[in-house]
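What follows is a single structure, written as structure tokens, with notes after it.
The values are calculated or read from the model by the stated rules, or taken from the named source; none is laboratory data. These numbers come from a predicted model, not from an experiment. Ideal geometry is used to build each Cβ from the backbone, glycine not excepted, and the neighbour counts take in all protein chains shown. We work out accessible area using only protein heavy atoms, side chains counted, and drop any ligands, DNA or RNA first. Shrake-Rupley method; radii C 1.70, N 1.55, O 1.52, S 1.80 Å.
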Amino acid sequence: KLPGWSMTKSITGAMVGILVKQHKLLVDAPAPVPEWQSENDPRHKITLRHLLQQTSGLDYDEVYDKPSTANRMLFTVGNAASFAASQKLAFPPGTDFRYSSGNSNIIARICRQAIGETAYHAFPYESLFYKLGMYQTVLEPDASGTFVGSSFCYAPLRDWARFGLLYLDNGRWNNEQILPADWVRRSTTPSAAATAGEYGFQWWLNAGGKNKPLHRKYPGLPTDMYYASGYEGQHIIIIPSKNLVVVRLGLTRNPHWGENEFIRSVILAIRN
């Protein structure tokens with residue numbers, strides 16, 4: 001088993017999709033976060049969509065090589081979601097794209113509330129992992145018992161690949177529609193606040209900016225590519241137009257491990 005780090009966010013997004021299919025969550029309803037229930041609290045306007053798209057507007061510092069909001073949340077507190085939900089609002093919800101592990105951990109607690117205590121800890125295994133044959137995958141909770149939905153999932157490469165194949169096949173596995181039929185489309189539709197078309201529902205996108213298709217992280221790769229991305233080079237890369245899922249696990253200190261060149265070579269090898 002190897003850590004996926006922030007690839008875990010995409011698993012959290014899938015859990016939301018399953019709960020939406022079960023009519024237990026609504027994406028555009030105000031997020032059911034206890035700390036924000038007062039209508040006088042500006043955070044009361046944050047929806048589950050805002051959290052999924054990383055546009056909650058919460059003041060949050062996502063860096064790992066120095067003291068930060070992210071490191072305090074992941075390594076010094078016992079309740080990641082409560083810590084994240086306590087952050088003040090820096091921008092009106094929906095107006096600013098700011099990647100945040102805090103948003104994902106708030107989502108994880110929302111899932112816990114929707115599922116209920118009795119079924120919660122078995123839910124990702126019975127509703128997702130075991131259905132895909134991801135029998136070696138482990139999702140780790142914090143001290144409060146809520147899964148650390150931003151970062152702490154461990155799995156061998158083939159289990160990560162199975163998760164990617166679920167999305168490649170539009171949320172279907174063994175003739176069962178595990179995710180809502182439109183969930184992959186919704187997950188890969190860029191947030192309006194992500195000006196480079198770079199983020200959907202807990203997935204990174206390569207769509208490019210509106211009317212600026214080259215304004216994207218990987219201009220040499222297809223625009224329909226989307227990917228889960230974890231610290232130090234963990235990736236699940238999905239390219240529907242090539243019917244392709246590529247998983248890369250490793251420990252790369254540099255920002256890039258040669259994604260452009262490697263993925264292009266894989267596409268070329270398949271074509272040939």
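Quick notes on this structure:
- Length released on extending from residue 256 to residue 195, taking residue separation times 0.36 nm less the Cα-Cα span: 19.8 nm
- The gain in end-to-end length when the residue 174 to residue 270 segment is fully stretched comes to 32.1 nm, 0.36 nm per residue minus the alpha carbon separation.
- For the range 60-80 and the range 203-247, distance of Cα centres in Å: 27 Å
- Using only Cα coordinates, the Kirkwood hydrodynamic radius of the range 23-150 works out to 15.2 Å.
- Contact order, relative form, for the chain: 20 percent (alpha carbon pairs under 8 Å, 6 or more residues apart, mean separation divided by residue count).
- In order along the range 141-158, the Karplus-derived 3J(HN,Hα) couplings, from 6.51 cos²θ - 1.76 cosθ + 1.60 at θ = phi - 60°, round to x, 8, 5, 7, x, 8, 4, 7, x, 8, 8, 10, 10, 10, 7, x, 4, 5 Hz, and Gly and Pro are given as x.
- Probe 1.4 Å, protein heavy atoms only - accessible area per residue of the chain in square angstrom: 45 Å²
- Dipole moment magnitude, nearest 20 debye, the chain about Cα centre, only Lys, Arg, Asp, Glu C-beta charged: 620 debye
- Note on exposure: 43, 253, 172 ranked by accessible area (1.4 Å probe, complete protein assembly) read 253, 172, 43, with the most exposed listed first.
- For the chain, calculated [θ]222 nm from helices alone, where every DSSP H run of n ≥ 4 adds -39500 (n - 2.57): -8500 deg cm²/dmol
- For the chain, carbon and sulfur atoms together expose 52% of the accessible surface, with a 1.4 angstrom probe and every protein chain in place.
- Building the convex hull from the alpha-carbon atoms of the range 136-202 and averaging its projection over directions returns 6.2 nm².
- Remark on the chain: ratio of C-alpha radius of gyration to 2.2 N^0.38 Å is 0.95.
- Between 0 and 90°, nearest 10: helix 259-271 axis offset from the chain longest Cα axis: 50 degrees
- Spatially proximal lysines relative to residue 1 (Cα-Cα < 19 Å; intrachain offsets below 8 disregarded): 9, 131
- Under 13 Å, Cβ to Cβ, from residue 180 - net charge with Lys/Arg +1 and Asp/Glu -1: +3
- Once the Cα atoms are used to define both axes, helix 8-21 deviates from the longest principal axis of the chain by about 70 degrees.
- In order along the range 187-196, phi translates into HN-Hα couplings of 5, 10, 8, x, 5, 4, 7, 8, 5, 9 Hz, rounded to whole numbers, per the Karplus curve 6.51 cos²θ - 1.76 cosθ + 1.60 with θ = phi - 60° and x for Gly and Pro.
- Within the listed set 72, 162, 109, the residue fluctuating most in the Gaussian network model of the chain (springs between alpha-carbon atoms under 10 angstrom) is 72.
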